[in-house]
Amino acid sequence: MQKKEQLYEGKAKKVFATECPELLIVQYKDDATAFNGLKKGTISGKGVINNQMSNRLMAMLECSGVPTHYVQELNDRETLVKKVSIVPLEVIVRNIAAGSFAKHYGVEEGVVFDQPTIEFSYKNDALGDPLLNTSHALALKLASEEEIEIIKVYAFRVNELLKAFWKSCGVTLVDFKLEFGRLADGTIVLADEISPDTSRLWDSETGEKLDKDRFRRDLGGVEEAYAEIMHRLEAHL
Ligand code: TMP
Ligand code: ASP
C-alpha cells in the first residue's frame, strides 16, 4: 500500500493517507511526552516496540470478538489501519489504584480493586483532557448513549482479555487507556494503540514498573523496561 500525504502528527505517531480512502498508515515515533506535553524526551526503540506490541494485542483482541482498526503491519514502525473518526474520549480502565486515581482519591498506589473501574476523559489537549462522566459526554455530543454503552462493554472485555494475557507473562495489568473510533458506517472499533505508553504493567513478582511511568517519574531504565515487556510478550504470543 502506497504511503501518501501526512494527515496528522501527534505526540507519539504520524498518520498518512494511502491510495485507498478507507485505509491509513500509522507511523510510530520514539518521541515521548508526559503531563500534557510539558515533559519531552525520546525513548530509543519505543516506536518499534509500541507498533509491534499494539498490533499483536489488537490481533489477539480481534480474534476474541473485539473489533479493532488493525489491518496489517507494514514494517517495524508502520501499520495499515482502517480509517476511523476518533470518539474524543480517553477510556481508562483500572484494576489497581495508581497514577491520577491514587492522587485524586488519596489512595495508596497498589490497592487492588474488587472490580475494575472505568472513567472517561475528554480528549482535548487545550483543556488538559478533563475527566467527565457519561452525561457530560452526552451533553457535549461526544458520543451517543448507544456508543458509550458499547464502548464500556468493549473496554471491560479488553480488560479481561489483556489481564489474562499479561498474567500469563508474569505481568500485572494495573490500568490502561483506550480510544475508540467510528468506521464510515458508524461501527465502533478499538483504535489508537495498546502499549507501555498507554498501560501500567508491573512485574507480578517484584512489582517493578515495566511501562512509561519509568519515563514520567524519572526512574531510569526506560529502554530496558520497554525491551523487557516486549520480550515477555514475544515469549507468550
Ligand atoms: P493516569 O493514572 O495518569 O490517569 O493514567 C491512567 C492510564 O492511562 C495509564 O495506564 C497511562 C494512560 N495514559 C495515557 O495513555 N495517556 C495519557 O495522556 C494519560 C494521562 C494516561
Ligand atoms: N499523553 C500524555 C502527554 O501528554 C502522556 C502520558 O502521560 O502518557 O504528554
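The values are calculated or read from the model by the stated rules, or taken from the named source; none is laboratory data. Everything numeric in this text was worked out from a predicted model, so none of it was measured. Neighbour counts run over all protein chains shown; Cβ positions are idealised from the backbone, glycine included. Areas reflect the complete protein model, heavy atoms only, side chains present, ligands, DNA and RNA absent. Shrake-Rupley method; radii C 1.70, N 1.55, O 1.52, S 1.80 Å.
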task = For the stretch 39-59, enumerate the residues that are out of contact with any Ser or Thr (no Cβ under 7 Å at 6 or more places or on another chain), closer than 18 Å to residue 225 by Cβ and surrounded by fewer than 17 Cβ atoms within 10 Å (Cβ to Cβ).
result = 41, 42, 44, 45, 48
query = Restricting the stretch 94-121 to residues that are among the hydrophobic types (A, V, I, L, M, F, W, C) and assigned to a helix (DSSP H, G or I), which is most open to solvent (accessible area, probe 1.4 Å)?
reply = 101
Of all residues in the stretch 72-126 being basic (Lys, Arg) and touching a Pro at 6+ places or on another chain (Cβ under 8 Å), the one that is farthest from ligand 2 (Cβ to nearest atom) = 83
message = I'm trying to understand the selection: among the residues of the stretch 191-232, which are within 16 Å of ligand 1 (Cβ to nearest atom), aliphatic (A, V, I, L, M) and out of contact with any Gly (no Cβ under 8 Å at 6 or more places or on another chain)?
response = 194, 201, 210, 219, 222, 225, 229
message = Quick check on the stretch 174-196: of everything there that is surrounded by 23 or more Cβ atoms within 10 Å (Cβ to Cβ) and among the small types (Gly, Ala, Ser), which residue is nearest to the chain's Cα centre (by Cα)?
response = 195
ask   = Could you list, in sequence order, the residues of the stretch 27-38 that are surrounded by 13 or more Cβ atoms within 10 Å (Cβ to Cβ) and out of contact with any Asp or Glu (no Cβ under 7 Å at 6 or more places or on another chain)?
value = 28, 29, 30, 31, 32, 33, 34
query = Name the pairs: first residue in the stretch 127-138 and over 17 Å from residue 117 (Cα atoms), second residue away from ligand 1 (no atom under 16 Å from the Cβ), Cβ to Cβ under 6 Å, at least 6 apart or on different chains?
reply = 137/143
inquiry  = Looking at the stretch 110-117, can you tell me whether even one residue there is away from ligand 1 (no atom under 16 Å from the Cβ) and of a type in the set (Phe, Trp, Tyr)?
reply    = no
ask   = Does residue 62 qualify as being open to solvent by 30 Å² or more (accessible area, probe 1.4 Å), out of contact with any helix residue (DSSP H, G or I) (no Cβ under 6 Å at 6 or more places or on another chain) and assigned to a helix (DSSP H, G or I)?
value = yes
task = For the stretch 152-162, state whether one or more residues are within 28 Å of residue 38 (Cβ to Cβ) and within 16 Å of ligand 1 (Cβ to nearest atom).
result = yes
query = Does residue 36 fit the bill of being assigned to a loop (DSSP other than H, G, I, E, B), without any contact (Cβ under 8 Å) to a residue 12 or more places away in the chain and more than 15 Å from the chain's Cα centre (by Cα)?
reply = no
note = Taking the stretch 81-93 and keeping only residues that are away from ligand 1 (no atom under 11 Å from the Cβ), in a strand (DSSP E or B) and among the charged types (D, E, K, R), one is left with 82
